[in-house]
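Everything below concerns the one structure shown next.
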Amino acid sequence: MRQDPPAANRGSWPGLILWGALIVASIVLMSIGLWRSMFFGYMPDPALVEDLRVGGLYILAGALASLGATALSVILRHPRWVIAFVAAPAVLVGGAALIAPTSLIRHVVAAAAFPLAVVGLYWGMRHRGSRRSE
């Protein structure tokens, strides 16, 4: 028989809404950045270089939002695997953008990182701060 954790251990709804908004903002910002910086082959065309720069800034802004959601997830006492799933876009996509800014590897790791973030969002909202399911 499953019992819910005490109300004191649960996350508040405003905190969870902010947490969820940060995750969604992270995915949206990174998607915009990946779209702006997508090209096959690097050419020194000024328009492509500018798109790459702006797309990289969007990706880094999304990584910061993802890290903020990760910190808030720790404060809300989510299970460790939810915290790791929420941090996946910042680590994978943001890390790939820093290591290889002209490569399409960012797009490949986004295919794995974004679904992980969505699963973390779903289960984080469902558990609302319960560490019992680690």
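At-a-glance table
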| quantity | calculated |
| --- | --- |
| Verdict on Phe114 being in contact (Cβ under 8 Å) with a residue 60 or more places away in the chain and among the aromatic types (Phe, Trp, Tyr) | yes |
| Of all residues making up the stretch 30-45, the number that are part of a helix (DSSP H, G or I), more than 12 Å from Ala97 (Cβ to Cβ) and either among the hydroxyl-bearing types (Ser, Thr, Tyr) or at pLDDT 95 or above (or both) | 2 |
| Residue that is over 16 Å from Gly124 (Cα atoms), surrounded by 14 or more Cβ atoms within 10 Å (Cβ to Cβ) and at pLDDT 85 or above, where the choices are Leu57, Leu48, Leu67, Leu22 | Leu57 |
| Yes/no for Ala88 being without any contact (Cβ under 8 Å) to a residue 60 or more places away in the chain, among the hydrophobic types (A, V, I, L, M, F, W, C) and crowded, with 20+ Cβ neighbours inside 10 Å | yes |
| Residues satisfying the stated conditions in the stretch 68-78, i.e. in contact (Cβ under 8 Å) with a residue 24 or more places away in the chain and farther than 18 Å from Pro115 by Cβ | Gly68, Leu72, Ile75, Leu76, Arg77 |
| Only listed residue being more than 23 Å from Gly15 (Cβ to Cβ), surrounded by fewer than 22 Cβ atoms within 10 Å (Cβ to Cβ) and of a type in the set (A, V, I, L, M, F, W, C), chosen from Ile75, Ile99 | Ile99 |
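The values are calculated or read from the model by the stated rules, or taken from the named source; none is laboratory data. Values in this document were obtained by computation on a predicted structure and should not be read as measured data. Note: ideal-geometry Cβ built from the backbone for every residue, glycine included; neighbour counts use all protein chains shown.
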